[in-house]
Amino acid sequence: MTGTADDVGGSAGRRTGRPSVAVVEAYAELARRVLAGPARLGRTRLVAVDGPSGAGKSRFAARLADALAALPGGRPPVVHTDDLLDGWDDQVTFWPRLDEGVLGPLREGRAGAYRRYSWVRQSFLPRPVPVPVAPVLVLEGVTAARAVVRPELTLAVFVTAPASLRLERAVARDGPEILPELRRWHVGERAHFAADDTANRADLLVDGAPTLPHDTDRYYLRIG
């Protein structure tokens, strides 16, 4: 099943210079491709699900984890970069915390851990969240597929959606009181994606606001 997707985020069209085409693909098939791919982070296949806020990254990551759960190795751990941020101003600079606690140990074949940030308490919770050595780790969040980690990625995914819809989703999820910080966040993520060239470097560009009818639990729309 295919359809045009030239208005979704703009990145796909810039790749080719012509309107892009959205193709329905199965999470189950993508999961098999991930497991068949090389492990580049120690013994772990690292999948990064990147894209702007409100694009649908968390949903995509969860559906892919569901599909992987049915395959050898079981459900992979999913780490959300939002859980490692020390507040709004840590949008890009959180990475050393992730590398020290999670990626570094896995690189050496050891289990990792991190402390989850509480946006209510505005501090990190004391109990560490373990990240076991597993065949696959899904890393989801803004800047997850940044240049520094690309050599260790088995798959880089970029999820995109129109800005107006992304803003609507974020406000519906977190409330209108976040708007001042959210607007600053949007400026920061646009600057990062432009400098990093994240969308064009991704292995898979996904439509986070699909209009083609499909079973969203089992399929996603690849933009190509």
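The values are calculated or read from the model by the stated rules, or taken from the named source; none is laboratory data. All of these numbers come straight from a predicted model, not from anything done at the bench. A quick note on method: Cβ atoms are made from the backbone with ideal geometry, for glycine too, and the neighbour counts reach across all protein chains shown. These area figures cover heavy atoms from the full protein model, side chains too; ligands, DNA and RNA do not enter into them. Shrake-Rupley method; radii C 1.70, N 1.55, O 1.52, S 1.80 Å.
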| task | Would you be able to tell me the number of residues in the range 175-212 that are part of a helix (DSSP H, G or I), open to solvent by less than 70 Å² (accessible area, probe 1.4 Å) and either in contact with a Ser or Thr (Cβ under 9 Å, 6 or more places away or on another chain) or modelled with pLDDT under 95 (or both)? | result | 12
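In this structure, is ARG116 open to solvent by 50 Å² or more (accessible area, probe 1.4 Å), part of a strand (DSSP E or B) and not hydroxyl-bearing (Ser, Thr, Tyr)?
Answer is yes for this residue.
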| query | Of all residues in the range 151-196, which are polar (S, T, N, Q) and free of Cβ contacts under 8 Å to residues at least 60 places away in the same chain? | reply | SER164
| query | Quick one: what pairs do we get from the range 131-150, first residue without any contact (Cβ under 8 Å) to a residue 12 or more places away in the chain, second surrounded by fewer than 21 Cβ atoms within 10 Å (Cβ to Cβ), C-beta under 9 Å, 6+ apart or different chains? | reply | none
| Residue check for ARG218: open to solvent by 50 Å² or more (accessible area, probe 1.4 Å), in contact with a helix residue (DSSP H, G or I) (Cβ under 7 Å, 6 or more places away or on another chain), at pLDDT 95 or above and under 24 Å from GLY73 (Cα atoms) | yes
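What helices (runs of 4 or more DSSP H) lie completely within the range 56-107 and have 1 or more residues being open to solvent by less than 20 Å² (accessible area, probe 1.4 Å), touching a Leu at 6+ places or on another chain (Cβ under 8 Å) and over 21 Å from LEU221 (Cα atoms)?
On the way: elements: 57-69, 95-98, 104-107.
Per the criteria, 95-98, 104-107.
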| task | Could you list, in sequence order, all residues of the range 155-173 that are crowded, with 17+ Cβ neighbours inside 10 Å, closer than 24 Å to GLY224 by Cα and more than 13 Å from the chain's Cα centre (by Cα)? | result | ALA161, ARG166
| note | PRO38 meets each of (1) in a strand (DSSP E or B); (2) modelled with pLDDT of 95 or more with one exception, condition (1)
| query | Hey, among the residues in the range 121-143 that are more than 9 Å from PRO76 (Cα to Cα) and small (Gly, Ala, Ser), which one's surrounded by the fewest Cβ atoms within 10 Å (Cβ to Cβ)? | reply | SER123
